[in-house]
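Please see the structure below; I have some questions.
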Amino acid sequence: MNLPSAIYSRLVQAAGLFICCLLSADRLSAEEPGLPELKVTGNHLTIPSGAGVRLHGVNIPSLEWSQGDHLSNSVDVASAWGANIIRLPLSEDRWFGHTPEKQDGGAQYRQTVTNFVENAAAKKCYVILDLHWSDGGVWGEHIGQHYMPDDNSVPFWKEVSAAFANNPAVLFDLYNEPHDISWDVWRNGGVVVDETSKANDGQTLRYHTPGMQKLLDICRDQGARNVIVAGGLDWAYDLRGVVDGHALDDPKGNGVVYSTHIYPMKTWYTHGTTKSQDWDRLIVPVSEKYPVIVGEFGSSTTNYAGKVVEFANQNNLSWIAWCLHPYARPILIRDWDYTPTKYGTIIKDALHSAAVAAQ
C-alpha cells in the first residue's frame, strides 16, 4: 500500500505508542534515559508512556543517626539485588544542622542526600525521602520518632521539596509512622499529646502538628509535583480513614500513594486476629481506590516477609522491605559484606523475580 509520507509517519508513531502501552505493567525501559516521572492514575502509578509501574525495593537507614558511611555501596547492592526504589529515612534536625555532631548548618547532610539521589537515579532506582525523625517542635530537642510531624516539619518540607522539585527520581514520604491520634488530626492538624516523650520540664510532651494536608500543600507551594507518600495510623499500618473521608487533596501535583507498614507484632499485640483478615480489612479497601505501597515490612525469624510479598503481588501493591543494614532490625544483611540473612535471602530472591518479570 502506498501512503503519503506524512500519513505513514503518523501511523508508525501511533503503532509505536500502542506497543509501548502493551509493555508489562512493571517495566521501565532500559533504553529510556534517566527515570520517567511517576504519576498517580486511578489506583496505580504510571509513567508518561501510560504504562503502569510497581515499585519494589529496600529501606536504607543510618542517615537519621549518622552520615551514612556505607550509603554508596548499599545503593549498588540494592540495585544488584533488583530494587527499583529505595526509601531513605531522614531527620528534620539534621537537615538544618540542629544536632551536636556537625557544626556546618547541615550542609554535609544535605549534600549526602543529594549525592544519594543522584547515585540511585543513575542505577534506575527511585528514592523516597522519608521524614523519619522529628523533634516535637523544639529544634535540637526530643530528636526521634514521634506520633506526628510538628511545626518544624513545615520548613523541612519547604526546603526538601524545593531542592528536589520535579526531580523524577524523588518521592516525598511526609512522616514515617503516625499513631495514637485521630484521623482528623492526621489530616488537618491539631494538638498532639505524646505520652512516650517528656518536655524539658519533665511533663508529657505536647506539640502542634500541621497535619498531612498542610505538609502536602507546602510541597506544592514550592512548585514540586513529585508523588507524595502518606502513611496511615497505627504506626502507618491502618489505612481505613483514607476511604472514610480523610484522603488528601492534591489538585496541583502528581498524586498521593498511601503507605502501610506491616509487621507481625501487630497481629500478636494489637488486633488479635489473623494477619490476612487484618490486611483485607485495613489495607485492601484503600488499594481498590488509591495506589498503596508497603513502605516497611519484615521479620527476622519466619517467612512472614514472603507472605507480605505474596499479598502485595496479589493486590498489585508496591513494596519496600526493612532494611539493608546490619543493625536496624529486622535486618536483610549480617554485615557490611552484605551477606544476606535468611530473611534477606527471601527478599533478594523476590527482588530478582520482580526485576526479571519487568524485563
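Consider Gln111 against the criteria (1) within 30 Å of Ala350 (Cα to Cα); (2) in a helix (DSSP H, G or I); (3) among the polar types (S, T, N, Q); (4) open to solvent by 40 Å² or more (accessible area, probe 1.4 Å): it satisfies all of them except one. Which criterion is unmet?
Among (1) within 30 Å of Ala350 (Cα to Cα); (2) in a helix (DSSP H, G or I); (3) among the polar types (S, T, N, Q); (4) open to solvent by 40 Å² or more (accessible area, probe 1.4 Å), Gln111 violates only (1).
Can you pull out the residues in segment 308-324 that are open to solvent by 10 Å² or more (accessible area, probe 1.4 Å) and assigned to a loop (DSSP other than H, G, I, E, B)?
Asn315, Asn316, Trp322
Tell me which residues, restricted to segment 227-247, are among the hydrophobic types (A, V, I, L, M, F, W, C), touching an Asp or Glu at 6+ places or on another chain (Cβ under 9 Å) and open to solvent by 10 Å² or more (accessible area, probe 1.4 Å).
Leu233, Trp235, Val243
Now for a different question. Looking at (1) closer than 20 Å to Ile320 by Cβ; (2) open to solvent by less than 10 Å² (accessible area, probe 1.4 Å), can you tell me which one Ala224 breaks?
Ala224 satisfies all of (1) closer than 20 Å to Ile320 by Cβ; (2) open to solvent by less than 10 Å² (accessible area, probe 1.4 Å) except (1).
In segment 61-97, which residue that is in contact (Cβ under 8 Å) with a residue 24 or more places away in the chain, part of a helix (DSSP H, G or I) and among the aliphatic types (A, V, I, L, M) is surrounded by the fewest Cβ atoms within 10 Å (Cβ to Cβ)?
Residue satisfying both the conditions and the ranking: Val77.
If Ser276 passes every condition in (1) modelled with pLDDT under 95; (2) closer than 20 Å to Ala230 by Cβ but one, which one does it miss?
(2) is the only condition that Ser276 fails.
Still on this structure: Name the residue that is farthest from Gly144 (Cα to Cα), counting only residues in segment 181-225 that are in a strand (DSSP E or B) and among the β-branched types (Val, Ile, Thr). Lay out the reasoning, then the answer.
Applying the first criterion (in a strand (DSSP E or B)) to segment 181-225 yields 190-198, 204-209.
Still in the list and also among the β-branched types (Val, Ile, Thr): 191-193, 196, 204, 209.
Values: Val191: 18, Val192: 15, Val193: 15, Thr196: 11, Thr204: 15, Thr209: 15 Å.
For segment 181-225, the residue satisfying everything is Val191.
I'd like to verify a number: residues in segment 180-210 that are buried (at least 18 other Cβ atoms within 10 Å of the Cβ) and free of Cβ contacts under 8 Å to residues at least 60 places away in the same chain, how many?
Result for segment 180-210: 5.
Next question. Of the residues Ala358, Ala354, Ala321, Ala312, only one is in contact (Cβ under 8 Å) with a residue 12 or more places away in the chain, out of contact with any strand residue (DSSP E or B) (no Cβ under 6 Å at 6 or more places or on another chain) and aliphatic (A, V, I, L, M); which?
Working: Ala354 fails: out of contact with any strand residue (DSSP E or B) (no Cβ under 6 Å at 6 or more places or on another chain); Ala321 fails: out of contact with any strand residue (DSSP E or B) (no Cβ under 6 Å at 6 or more places or on another chain); Ala312 fails: out of contact with any strand residue (DSSP E or B) (no Cβ under 6 Å at 6 or more places or on another chain).
None of the other options fit; the residue is Ala358.
Taking the conditions exactly as written (in contact (Cβ under 8 Å) with a residue 60 or more places away in the chain, crowded, with 18+ Cβ neighbours inside 10 Å and touching a Cys at 6+ places or on another chain (Cβ under 8 Å)), does Ile128 satisfy them or not?
Details: in contact (Cβ under 8 Å) with a residue 60 or more places away in the chain: yes; crowded, with 18+ Cβ neighbours inside 10 Å: yes; touching a Cys at 6+ places or on another chain (Cβ under 8 Å): no.
No; evaluated as a whole, the condition is false for this residue.
The values are calculated or read from the model by the stated rules, or taken from the named source; none is laboratory data. Just so it is clear, the structure is predicted and the values come from calculations on it, not from any experiment. All Cβ positions, even for glycine, are placed from backbone atoms using ideal geometry, and neighbour counts span all protein chains on display. In case anyone asks, the SASA skips ligands and DNA or RNA and just uses the protein heavy atoms, side chains included. Shrake-Rupley method; radii C 1.70, N 1.55, O 1.52, S 1.80 Å.
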